[in-house]
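The values are calculated or read from the model by the stated rules, or taken from the named source; none is laboratory data. All values derive from a computational prediction rather than experimental measurement. As a convention, Cβ positions derive from the backbone with ideal geometry for all residues, glycine included, and neighbour counts pool all protein chains shown. In case anyone asks, the SASA skips ligands and DNA or RNA and just uses the protein heavy atoms, side chains included. Shrake-Rupley method; radii C 1.70, N 1.55, O 1.52, S 1.80 Å.
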Amino acid sequence: MGSGASSSKDAPHLAEYFKKLKAKTETTQEQMMDVGLAMLASGSADQAKKAKEEMLKWYEEEGKPCLTKSFEHHDKDKSGVLENAEAKVFFLNLIQETETFTLALAQSMAQKGLTLSIEMMKAMMGAADAKKMEKEAKAEIKKVLDAQKKDYDKRIKDYKDNKEARDADAFKVMDTSADGKIQLSEFLETFNPESDKQPVLLVALGFMTEQERVQQEQMKMMAAEGGAGGCEQQ
């Protein structure tokens, strides 16, 4: 399966978290598409605010319990904290599960977008022309997804080649108290939807570039401003 093979056997609760996150993210992205259309039509940002609230609710009710179990799974000595050796195992599992999640989500959303576009084309151009464009579009999507996987596999290889340094940088991101241990509260805060720590962690691990992190942060700020009518401060 390549260097980014799923670590679900080694980290079952982390895999379950990303499985649930994928399903929730797909729903949220579909909602945000509807939000964009609604805002263009009426200028209302109520749906964007609702989507944010639902994501936080999902995290508390579904995401956090999975992550808590993952923390406990990686806390092999049951000390209530992740020490350096335990964190190293978690970081490897995290980066591999992140790749699996990211690629699966990209494929799913691309397919849904294609299906919607084809239905619109059928109404405008007829079934035959739409079928031809669908075949061409599928080929292009496959090229993009294959290139994305190749890029992510390369990033994971780079992580493994520089694991000691990458793990040390990642540990510092999560160990906000700087006591040499990762507390459960620090662990959970990293994945909180309102926190910016997870992208920072992925940059430290080498799975995300700084440019990608900044772009993600800007998109998040734009969504927040839209959800508060441009008044909310981050």
When residue 230 is evaluated against the numbered criteria (1) at pLDDT below 95; (2) part of a helix (DSSP H, G or I); (3) of a type in the set (Gly, Ala, Ser), which criterion, by number, is the only one it fails? (2)
Please find, within segment 179-199, the residue that is most open to solvent (accessible area, probe 1.4 Å) out of those that are touching a residue at least 60 places away in the same chain (Cβ under 8 Å), more than 15 Å from residue 55 (Cα to Cα) and not aliphatic (A, V, I, L, M). 181
Which residue is modelled with the highest pLDDT, if the candidates are limited to segment 128-149 and must be surrounded by fewer than 11 Cβ atoms within 10 Å (Cβ to Cβ) and more than 15 Å from residue 111 (Cα to Cα)? 147
Please go through segment 111-126 and give me each residue that is over 14 Å from residue 136 (Cβ atoms) and surrounded by 14 or more Cβ atoms within 10 Å (Cβ to Cβ), ordered by number. 112, 113, 122
All but one of (1) closer than 30 Å to residue 51 by Cα; (2) at pLDDT 95 or above; (3) buried (at least 17 other Cβ atoms within 10 Å of the Cβ); (4) out of contact with any Ser or Thr (no Cβ under 6 Å at 6 or more places or on another chain) hold for residue 176, so report the exception by its number. (3)
Going through 147, 104 one at a time, which residue ends up being in contact (Cβ under 8 Å) with a residue 40 or more places away in the chain and either outside any helix (DSSP H, G or I) or within 23 Å of the chain's Cα centre (by Cα) (or both)? 104
Quick one: would you say residue 88 is under 28 Å from residue 170 (Cβ atoms) and among the basic types (Lys, Arg)? yes
Of all residues in segment 150-171 being under 10 Å from residue 206 (Cβ atoms) and either acidic (Asp, Glu) or not in a helix (DSSP H, G or I) (or both), the one that is most open to solvent (accessible area, probe 1.4 Å): 161
Among the residues that make up segment 191-214, is at least one of them part of a helix (DSSP H, G or I) and of a type in the set (Ser, Thr, Tyr)? no
